[in-house]
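Before any comments, here is the structure.
The values are calculated or read from the model by the stated rules, or taken from the named source; none is laboratory data. From a predicted model like this one, the values you see are computed outputs, not experimental measurements. Cβ placement follows ideal geometry from the backbone for every residue including glycine, while neighbour counts extend to all protein chains displayed. Ligands, DNA and RNA are excluded from the accessible area calculation, which covers all protein heavy atoms including side chains. Shrake-Rupley method; radii C 1.70, N 1.55, O 1.52, S 1.80 Å.
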Amino acid sequence: MKLVTHCNNSDRYAQAVVSEYLAYRIYNALTDYSFRVRLVNMTYVYTDRNETTNSYAVFIEHKDRLGKRIDGEPVEIERVDVSSIYPENLSLASVFQYFIGNTDFSPIATAPDEDCCHNQALFTSAAGPYRTIPYDFDQTGLVVRLSRVGSETSEIQRHYAVGWRRREAG
């Protein structure tokens, strides 16, 4: 089981954890082919300085457990052909990534010597083609935007604003 936690002790980072949790829950509402998550209020104990900190954290379902739930097995390969992925699953995952403003993923490839795919897990499926399941939403527009309310505009927000202005002008 994976644990998503804050990177720094501030409300902004705590909000980022909650926002990432919401991204997982949105995808859960769209499909069962998604990682289940649980939001918790975690107490961290710093034994070296006798301090404690409370912050939100998210437990993410282990990929083996997800595999059993969806009747598939995790696949560990470096690259996959787009035609090898179940089309409806790939379409939903891709539209979802767009919806939450994620540019930090690849459903077909990853860096050399890493398992496919970047921030997307591949699973075998009874239907034949692979299923791709997105995860790790910390760099999405949804998480960055919600955790930075009141701060300077992020790069992804500027990108969207320019894109929308072009469409309105055209």
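Observations
- In region 71-85, the residue that is nearest to the chain's Cα centre (by Cα) out of those that are under 12 Å from Ser125 (Cβ atoms) and small (Gly, Ala, Ser) is Gly72.
- Taking region 1-103 as the region of interest, the strands (runs of 3 or more DSSP E) fully inside it that hold 1 or more residues being touching a His at 6+ places or on another chain (Cβ under 9 Å) and open to solvent by 90 Å² or more (accessible area, probe 1.4 Å) are 2-5, 51-60.
- Verdict on Thr53 being polar (S, T, N, Q), modelled with pLDDT of 95 or more and over 16 Å from Phe137 (Cα atoms): no
- Filter pass, Ser34 being in contact with a helix residue (DSSP H, G or I) (Cβ under 6 Å, 6 or more places away or on another chain), among the hydroxyl-bearing types (Ser, Thr, Tyr), modelled with pLDDT of 90 or more and closer than 22 Å to Pro129 by Cβ: yes
- When residues in region 104-140 are screened for being among the hydroxyl-bearing types (Ser, Thr, Tyr), part of a loop (DSSP other than H, G, I, E, B) and either farther than 14 Å from Tyr27 by Cα or in contact with a His (Cβ under 6 Å, 6 or more places away or on another chain) (or both), 4 of them pass.
- Scanning region 45-64 for residues that are more than 15 Å from the chain's Cα centre (by Cα) and touching a residue at least 12 places away in the same chain (Cβ under 8 Å) yields a count of 4.
- The listed residue being modelled with pLDDT of 85 or more and more than 27 Å from Val144 (Cα to Cα), out of Ile133, Ile85, Ile100: Ile85
- Residue list for region 1-21, filter: farther than 15 Å from Phe59 by Cβ and in contact (Cβ under 8 Å) with a residue 24 or more places away in the chain: Asn9, Arg12, Tyr13, Ala14, Gln15, Ala16, Ser19
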